[in-house]
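Undergrad: Structure provided below as structure tokens; questions to follow.
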Amino acid sequence: MKIFAALLAIPLTACVSIPVIDTQETRFQTKVILSEFNSVASQYIAKPTFASLVSFPNGESPDLLSYVADGYGSSYNSYIGVTKNKLGFQVQRTTADAFNGALEKYLSWSETATANKDAFTKDIAEIEYGAGLVSDFKSYYKLTFHSGNEQNHYLLVKSCSFSELTKEICAGDTALEKHSVLELKNDINRFISGEIAQKDIASKYN
């Protein structure tokens, strides 16, 4: 069993206790590519992306799809030291429909904006996750439509938390191009249908 932090990117500057939970994890092939803005090159750069199906045998959380890539730079936290910055997000079974709805809106806006030669930035949706794991915080992904120019439109995914003490804190801008949004929709539909499932590969080796 692998150990998996259920909250991928709650900012570590807040004094919270994040539970670490036993999980079952199976990697699967995906065509989703996560990107990050590179200020030197002044463009979004695609990153090697890893996707996993994560299950919680003890029922602490619904099954989820996890997408992760290494970001630029690193962060320091007094509790865990230096860590590599990460891109990514998770799609829980209970939030799959909300993600699909947001992806459909992005695709619709992208088609219209390209036809009209418009460029703009606008939030699409907030999708909550991690309910009950950190009681003082509301945790959610903020999905935003962002135009690099009149022809290139991105979906940005930020991991955010909100409390009365800290207000809103958001981390990172994981970017997806249109083709990755389409591939993410495909992965989510395969997840819902059961096509993406856990595989006990290690059991073949005795």
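The values are calculated or read from the model by the stated rules, or taken from the named source; none is laboratory data. Source: prediction; values computed, not measured. Here the Cβ positions follow ideal geometry from the backbone for every residue, glycine too, while neighbour counts run over all protein chains shown.
Undergrad: So which residues in the stretch 115-152 are out of contact with any Lys or Arg (no Cβ under 8 Å at 6 or more places or on another chain), among the hydroxyl-bearing types (Ser, Thr, Tyr) and at pLDDT 95 or above?
TA: THR121, SER147
Undergrad: Within the stretch 138-185, take every residue that is polar (S, T, N, Q) and either in contact with a helix residue (DSSP H, G or I) (Cβ under 8 Å, 6 or more places away or on another chain) or crowded, with 18+ Cβ neighbours inside 10 Å (or both) and give me the one that is farthest from GLY71 (Cα to Cα).
TA: So, considering only residues that are polar (S, T, N, Q) and either in contact with a helix residue (DSSP H, G or I) (Cβ under 8 Å, 6 or more places away or on another chain) or crowded, with 18+ Cβ neighbours inside 10 Å (or both), the one farthest from GLY71 (Cα to Cα) is GLN151.
Undergrad: Considering every residue within the stretch 99-114, establish whether at least one is at pLDDT 95 or above, within 25 Å of GLY59 (Cβ to Cβ) and outside any strand (DSSP E or B).
TA: yes
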